Amino acid sequence: MDKFGKSQSVKRVEDVRFLTGEGRYVDDIAPQASLHGFVFRSPVAHGIITKLDVSDARQADGVLAVLTVDDLEAAGMNIAMRATVVDNRDGTKGAASFRPILAKDRVRFVGEPLAFVVADTLAQACDAAELIEFDYDELPAKMDMIAGGETVHPEAPNNVAFDWGMGDEAATNAAFEAAAHVVSLDVGDNRIIVNSMEPRGTYAYWEAGRLHVAINGQGVWAHKDQMVAAFGLEAENVHVTNPDTGGGFGMKSMGYPEPFCAALAAKLLDRPVRWMSERTEAMLSDNAGRDLTSLAELAFDENHKITAYRVHTDCNLGAYNSQFGQPIQTLLFSRVLMGVYDVQTTYLHVNGYFTNTTQVDAYRGAGRPEAIYVLERVMDRAARELGVDPWELRRKNFIKPEQFPYKAATGETYDVGDFDLLLGRAAEIIDADGFKARRAADEAKGLLRGQGLCYYIESILGDPSETAKVVFNADGTVHILVGTQSNGQGHETVYAKFLSDQTGIPADKIFVIQGDSDLIAKGGGTGGSRSVTTQNNATLATVTKMVEVFSAFLSDEMGVPATEISFDDERFRADGSNLTPTMLEVAEMARQAGRDDLLVHQETATLPARSFPNGCHVTEVVVDPDTGTITTDLYIVVDDFGNLISPVMAEGQVHGGVVQGIGQAITEHVVYDEDGQLLTASFMDYALPRADDVPNINFTSVPVPSTANIMGMKGCGEAGTVGALAAVANAVQDALWDRGVRQADMPFTPHRVWEMLKDAPIAAE
């Protein structure tokens, strides 16, 4: 993997160990002497706890402890888990629900943890949990997203967590009153379970009064802060690590009860304690995604130019507030109205409701995929109702290249973009003009073909700052310590390659170190497509500092002033000196000179602004009206990610995201019964997409370099899913339209599609 050129695709170095079983996942590396934890969970969705007797379980073979919330409080723990509170439209605060680590007085969803059993073996812990006596006065389950019903939290008497708005309501309403055309659509966004390949897990131990917790999350610093708060420790007495992680998807960003329980058990027993989720347990207890409905409305003038956009959303939070820990306006809603269209006024109104279901991850509960899905669904409906070609309607309303930088009605300022360029490229690749012929050919076979288009835009979220530390080792290797956390995206390859490109250090000499709160004092973790852009920005700052201090050191060695020494990304050079040392050679010279201060370099850098990846997804689906079966036949993506570090890995990210979107659109759906019992709690009932559900995906990069960072980069991690939801849904709606189906909502399972066709009148010829 020697340097041979920038922005070139290379093989992922981490894949060798992943594919040969050498990955270091949290359950692989737990200390050998660890005790095993098992969580006893609520079997009901809502009830007042009348009895929780763990005495028999404590006497069971191999059991060393059974912790309840009383034990946590007796140990002096702060049992309140982090929550996020939203401002209501009237200026008051939304409901601040109290979530204990283990249930206290009441249970609020099936799977809520009640007790933590610790034993010599997992089997013993499981057997002991069967001996726990749990009695309750069952309460009605609150399952709908409307005000009223059985109260989930006393802080929210009507189960309304918040009543939030953003934008200019008066101006938006006025624009709708003056509009020549108004188009509206109710848009459902079905709840999904993340189902990362590696379920959540943890282990913990104490040493000399210092707590070490290992997690498989998306960064260590938020978890460290929560451990500090829970145990009342000084920050230097908490060490959090994050080894290899098999998928995160936003679900692993926030804290969960189990690491706190494992940490307390380890303290009380003076033994390491480990816990690993099983799949059904994960489906019950992991934060889910989506689960909202929106009424979206577009106002048009007589020339079909959009004048205003208005959305009312009902959002399910599940049993508790989001724990993500950032201002929810920034995290959840500020980009919900983002789009690529020149819209002068917008207004968003969101009601959040508490229900007796697993918490919905706010990051994915009403974030960018949902926002673009809603907007592009109503754009598709507008094209149909106005009798306009959907390609042309978008083209007419795009923000034009000469309008950048463009301040959107949401307050975001887009730096650059050429949306029409990408749309035109997509039309060429998909052969848009040939669609009618393809549709006719399928009609001759008794099949229905539809084409769906989505033009998305998103922004890099999270902390705009990141830190990079570069360490030159005595054996000639180099460590780069980073503040982000790979969940399988290929960070080890990308970061090593980028540092190699900037320094000339062979990439196979560079090793990426991540997920250790002792080694880097602060980091933003991974999420919101931020990692590569923010981390490489920090790497550039560190390399700049390295060049500066190495040049000063070389001044005496080369016999020239430091200002006359240059570095060409490979060697230091100066007129009048025949020395041309590499970065590694300078580090060795410094080591020989006793200058250990020149062997470690660390800088923190902050992005001056966000960047805005965008792109066009187009797909064609084929529907068998006799069975309702949908085949995704063609799929093309044209993306603007700015300058790419590794094109092949960007393409891989897009492929994975598209598959995730296809899964939600066609196969995935969480179902609860009226009592709050999860009916899709295994892969027998919850259908992840399979290989035969996925077409070949054509990916094309058309970069318009960002001006918001020195590399001209834009994030790509979520782009596939953001575009796929609406593209597939619009394609299905297109296929069913002539059969009289006017409301087609995900998931498009065969039975559901067959029901739509059965109940819809066939359109007149």
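The values are calculated or read from the model by the stated rules, or taken from the named source; none is laboratory data. None of these values were measured; they are calculated from a predicted model. A quick note on method: Cβ atoms are made from the backbone with ideal geometry, for glycine too, and the neighbour counts reach across all protein chains shown. Just the protein is used for accessible areas: all its heavy atoms, side chains included, with ligands, DNA and RNA removed. Shrake-Rupley method; radii C 1.70, N 1.55, O 1.52, S 1.80 Å.
For this structure, a couple of remarks:
- From the list Ile513, Ile480, the one residue that fits, being within 19 Å of Gly248 (Cβ to Cβ) and touching a residue at least 12 places away in the same chain (Cβ under 8 Å), is Ile513.
- Test for Leu72: is it within 22 Å of Glu281 (Cβ to Cβ) and assigned to a loop (DSSP other than H, G, I, E, B): no
- Restricting region 67-105 to residues that are in contact (Cβ under 8 Å) with a residue 60 or more places away in the chain and acidic (Asp, Glu), the residue that is surrounded by the fewest Cβ atoms within 10 Å (Cβ to Cβ) is Asp90.
- Considering (1) farther than 17 Å from Ser646 by Cα; (2) in a strand (DSSP E or B), the lone condition that Val512 does not fulfil carries the number (1).
- Every residue from region 20-42 that is under 21 Å from His153 (Cβ atoms) and either modelled with pLDDT under 95 or surrounded by fewer than 21 Cβ atoms within 10 Å (Cβ to Cβ) (or both): Arg41
- Lys11 being within 24 Å of Glu133 (Cα to Cα) and not in a helix (DSSP H, G or I): no
- Residue under evaluation Asn698, criteria (1) open to solvent by 10 Å² or more (accessible area, probe 1.4 Å); (2) farther than 23 Å from Ala426 by Cα; (3) of a type outside the set (Ser, Thr, Tyr); (4) modelled with pLDDT of 95 or more, criterion not met: (2)
- Qualifying residues in region 366-411 (those that are part of a strand (DSSP E or B) and aromatic (Phe, Trp, Tyr)) - the one least open to solvent (accessible area, probe 1.4 Å): Phe398
- Among (1) of a type in the set (A, V, I, L, M, F, W, C); (2) open to solvent by less than 10 Å² (accessible area, probe 1.4 Å); (3) modelled with pLDDT under 95; (4) part of a strand (DSSP E or B), the one test that Val618 misses: (3)
- Within region 492-525, the residues that satisfy the criterion of being open to solvent by 10 Å² or more (accessible area, probe 1.4 Å), more than 21 Å from Glu570 (Cα to Cα) and out of contact with any Lys or Arg (no Cβ under 9 Å at 6 or more places or on another chain) are Gln514, Asp516, Asp518, Ala521, Lys522, Gly523.
- Residue match in region 597-609 (condition: surrounded by fewer than 21 Cβ atoms within 10 Å (Cβ to Cβ), without any contact (Cβ under 8 Å) to a residue 40 or more places away in the chain and more than 22 Å from the chain's Cα centre (by Cα)): yes
- Phe612 meets the conditions (1) open to solvent by less than 20 Å² (accessible area, probe 1.4 Å); (2) part of a loop (DSSP other than H, G, I, E, B); (3) touching a helix residue (DSSP H, G or I) at 6+ places or on another chain (Cβ under 9 Å) in every case but one. The failed one is (3).
- Filter result for Gly219 (open to solvent by 20 Å² or more (accessible area, probe 1.4 Å), of a type outside the set (Lys, Arg), over 27 Å from Ala687 (Cα atoms) and touching a residue at least 40 places away in the same chain (Cβ under 8 Å)): no
- Test: residue in region 203-210 that is of a type in the set (Phe, Trp, Tyr), within 18 Å of Arg24 (Cβ to Cβ) and open to solvent by 10 Å² or more (accessible area, probe 1.4 Å): yes
- Residues in region 44-66 that are loosely packed, with under 14 Cβ neighbours inside 10 Å and under 18 Å from Lys142 (Cβ atoms): Ile48 alone.
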